[in-house]
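Here the structure is laid out as structure tokens; the discussion comes afterwards.
What follows draws every value from the coordinates through simple rules; no lab data is involved. Computed from a prediction, not measured in an experiment: that's the story for all the values here. So basically every Cβ, Gly included, is an ideal-geometry build from the backbone, and we count neighbours across all protein chains shown.
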């Protein structure tokens with residue numbers, strides 16, 4: 001079972017905001033919209049990684065669940081509460097995506113652990129994330145861009161920490177992430193010259 005994650009070094013674009021900041025959705029939506037400028041005609045895949053068997057690690061499947069409730073989405077979702085993507089099936093899902101879609105643009109979503117002052121923050125950045133790195137799992141890096149939610153503190157007994165993360169925090173963060181992805185991809189799909197979010 002894959003628990004935890006940490007993002008790899010980002011290149012040029014990076015956004016981080018607290019989940020209780022009143023401007024969180026606007027800020028994250030704008031950041032994601034800017035990063036989608038590289039998409040062109042590529043199919044957008046939202047790969048939500050995690051397990052519903054651990055409170056802290058359920059961020060990804062919850063994001064996938066919320067996204068699945070939207071109508072007329074311009075992206076394909078992998079990883080929901082009904083069909084989570086985790087350590088056991090991650091490689092298979094990546095292969096399935098690559099076989100099904102030519103050169104897809106993958107938005108990878110996962111929970112991670114961090115400093116106590118960063119708990120409750122959502123961050124997005126260029127490049128892949130490395131699922132399971134926070135708990136020493138050797139899983140493939142994935143994503144053209146990544147979205148991570150810092151759900152608890154790293155550094156000690158990570159499995160236990162993830163199991164004992166507050167569900168309220170994870171649910172709130174997952175809704176913010178899902179709303180931001182939905183809005184940014186919708187704006188991107190209806191973009192015109194000089195259009196801004």
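Numbers at a glance
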{"read-out": "Principal axis dimensions, largest first and in whole angstrom, of the chain by Cα", "value": "50, 40, 32"}
{"read-out": "Residue order, fewest to most beta carbons within 10 Å, for 88, 161, 151", "value": "88, 161, 151"}
{"read-out": "Separation of the residue 160 and residue 38 label points, Cα + 7 Å toward Cβ, nm", "value": "3.9"}
{"read-out": "Percent antiparallel among DSSP beta bridges (both partners in region 5-189, rounded to 5)", "value": "45"}
{"read-out": "Computed [θ] at 222 nm, helices only, for the chain once each DSSP H run of length n ≥ 4 contributes -39500 (n - 2.57)", "value": "-10000 deg cm²/dmol"}
{"read-out": "Choice from 131, 104, 84 with maximal GNM fluctuation in the chain (Cα, 10 Å cutoff)", "value": "104"}
{"read-out": "Projected label distance in nm at residue 52 and residue 171, using a 7 Å step from Cα toward the beta-carbon", "value": "1.4"}
{"read-out": "Crossing angle, helix 90-100 versus the chain [Cα axis fit, 0-90 degrees, rounded to tens]", "value": "10"}
{"read-out": "Two-site FRET efficiency, residue 138 against residue 103, from Cβ-Cβ distance with R₀ of 45 Å, rounded to 0.05", "value": "0.95"}
{"read-out": "Proxy reagent accessibility, fewest Cβ within 10 Å first, across 52, 82", "value": "82, 52"}
{"read-out": "Folded to 0 to 90 degrees: helix 59-68 orientation relative to the chain principal axis, Cα", "value": "30"}
